[in-house]
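Visitor: Take a look at this one; I'll ask things after.
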Amino acid sequence: MTGPSAGRGEQLAEQYDVLLVEDDDGDALLVEELLHDTDLPHTLTRCHTAAEAHRALAALPVDCVLLDLHLPDASGVETIQTIQADTHAAIIVLTGLDEPRAGVESLAVGAQDYLVKGKVEPDLMQRAVRYAVQRKQAELANAALQIGRLRAEENARLERGLLPEPLLSSTAVTASSRYYPGRAQALLGGDFLDVVQTDDGQVHAIIGDVSGHGPDAAALGVCLRIAWRALTLGGHRAQHLLHLLEQIHIAERAGSDLFTTCSLITLDPRAATLTLHLAGHHEPLIVTPDGTRQVTAAHGIALGIAPGVGDWPATTLALPADGALIAYTDGLIEGFADGSGARLGVDGLLRIIDTLRTPDPGTHLDRLIARTRALNADRHTDDLAVLRLDWNTSGSAGPAHSS
């Protein structure tokens, strides 16, 4: 560490930027001489009033504020709180000989230390400034650590809501999923997915993406995911289900500019059919022994763009005996494909899949995402979620698994 100002840039030597807020010229001169008699490398700026201090703190880098509590425009410990609102600098209060309680009260409202005028020697001044700055930096670091812990806990709760355990009752279909938040915001976005199997043996899945990032988008994604599961298990299907989800989207969104793209997937192992409803979402990929291709499917608009007028036609495909469906959010394909600035796109994704040879669905997704992220080199930072459904319609029924 090169000094308290190291966070503002590398310095060759320790340097303390001190702001003195004192209206009495005699007391100000004493403080200036005390600092001069120390070996503390410093710069000193003086203000006469709290208003001047506010302006100085907005314009200058400051490590420590030496604050008199009796100013023309502010008085008492409330002065500390007004100064704290403008800075993360350490605050040392300057009290008089006739103020035995002022110092203790100052510590109680957030000052790092106090000095009694007339009883300060250079060594004491030097130690007070150094220790006050160090204590303030420790307080800020602890506060940032606590915020990080709380954010991680909140993200974990939201992630469990966005990415639940699939409800599958047979091994005819298995589900694998992966999720990665965008790098820049380090927060969950609104990508969500879910898989349930109903009593008739059909497997229903959804993958969606709420526009935007952060807690509002994630909370809306959790709400839509939970609503989809409840409505699907309650027997709602197809366009009627999407209309209900759109009503929930509108009622729960934090702003009118939020919209949601999603794909509804219904896989019927007994009838060997796959039915899709796309609401502003791109087509999934289908993997067969003959290779991987993008499904050609009808489209409808995203939820929330034109409430009440959406039309989401169904696309039904015949399934091969063995195969897989890969549905994803756009973070998987909107990254860069190389150094030229070209986006990966669906064609680039298909080229990557053609090079991957692994029978395990989870490993396949891990390698696919690793390859796209390596090509992107962290230049594009959208969230991505991927869902892979594998089926074997010739297999026997039994407990299902997911990875």
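The values are calculated or read from the model by the stated rules, or taken from the named source; none is laboratory data. Bear in mind that the values here come from a model prediction, so they are computed numbers and not experimental data. Reconstructed Cβ throughout: ideal geometry from the backbone, glycine too, with neighbour counts over all protein chains shown. Accessible surface is based on the protein model in full, side chains and every heavy atom, while ligands, DNA and RNA are left aside. Shrake-Rupley method; radii C 1.70, N 1.55, O 1.52, S 1.80 Å.
Visitor: How many of the residues in segment 81-105 are open to solvent by less than 10 Å² (accessible area, probe 1.4 Å) and farther than 15 Å from D68 by Cβ?
Guide: Number of matching residues: 2.
Visitor: Turning to a different aspect of this structure: Test I250 against the criterion of being more than 30 Å from R149 (Cβ to Cβ) and touching a Phe, Trp or Tyr at 6+ places or on another chain (Cβ under 6 Å), and give yes or no.
Guide: On the way: more than 30 Å from R149 (Cβ to Cβ): yes; touching a Phe, Trp or Tyr at 6+ places or on another chain (Cβ under 6 Å): no.
When the stated conditions are applied, I250 does not pass them.
Visitor: Does A337 count as in contact with a Ser or Thr (Cβ under 7 Å, 6 or more places away or on another chain) and either of a type outside the set (D, E, K, R) or in contact (Cβ under 8 Å) with a residue 24 or more places away in the chain (or both)?
Guide: no
Visitor: Hey, among the residues in segment 38-88 that are more than 26 Å from G118 (Cα to Cα) and of a type in the set (D, E, K, R), which one's nearest to the chain's Cα centre (by Cα)?
Guide: By that ranking, first place goes to D86.
Visitor: State all residues of segment 341-366 that are in a helix (DSSP H, G or I), more than 19 Å from Q294 (Cα to Cα) and without any contact (Cβ under 8 Å) to a residue 24 or more places away in the chain; if no residue qualifies, say none.
Guide: Selection gives T363 alone.
Visitor: Go through segment 256-276 and report how many residues are more than 15 Å from L224 (Cβ to Cβ), hydrophobic (A, V, I, L, M, F, W, C) and without any contact (Cβ under 8 Å) to a residue 60 or more places away in the chain.
Guide: Residues meeting the conditions: 3.
Visitor: Within segment 277-307, how many residues turn out to be more than 23 Å from V196 (Cα to Cα), outside any strand (DSSP E or B) and touching a residue at least 12 places away in the same chain (Cβ under 8 Å)?
Guide: Here the count works out to 7.
Visitor: Quick check on my filter: what residues within segment 213-228 are farther than 15 Å from L303 by Cβ and among the small types (G, A, S)?
Guide: G214, A218, A219
Visitor: What are the residues in segment 36-65 that are in contact (Cβ under 8 Å) with a residue 40 or more places away in the chain, in contact with a helix residue (DSSP H, G or I) (Cβ under 7 Å, 6 or more places away or on another chain) and closer than 22 Å to L107 by Cα, if any?
Guide: Hits for segment 36-65 are D63, C64, V65.
Visitor: Within segment 315-331, identify whether any single residue is closer than 23 Å to N392 by Cβ, among the aromatic types (F, W, Y) and buried (at least 16 other Cβ atoms within 10 Å of the Cβ), and answer yes or no.
Guide: Yes, some residue in segment 315-331 is closer than 23 Å to N392 by Cβ, among the aromatic types (F, W, Y) and buried (at least 16 other Cβ atoms within 10 Å of the Cβ).
Visitor: Could you run through segment 106-123 and say how many residues are closer than 20 Å to V62 by Cα, assigned to a helix (DSSP H, G or I) and open to solvent by 30 Å² or more (accessible area, probe 1.4 Å)?
Guide: Within segment 106-123, residues that are closer than 20 Å to V62 by Cα, assigned to a helix (DSSP H, G or I) and open to solvent by 30 Å² or more (accessible area, probe 1.4 Å) number 1.
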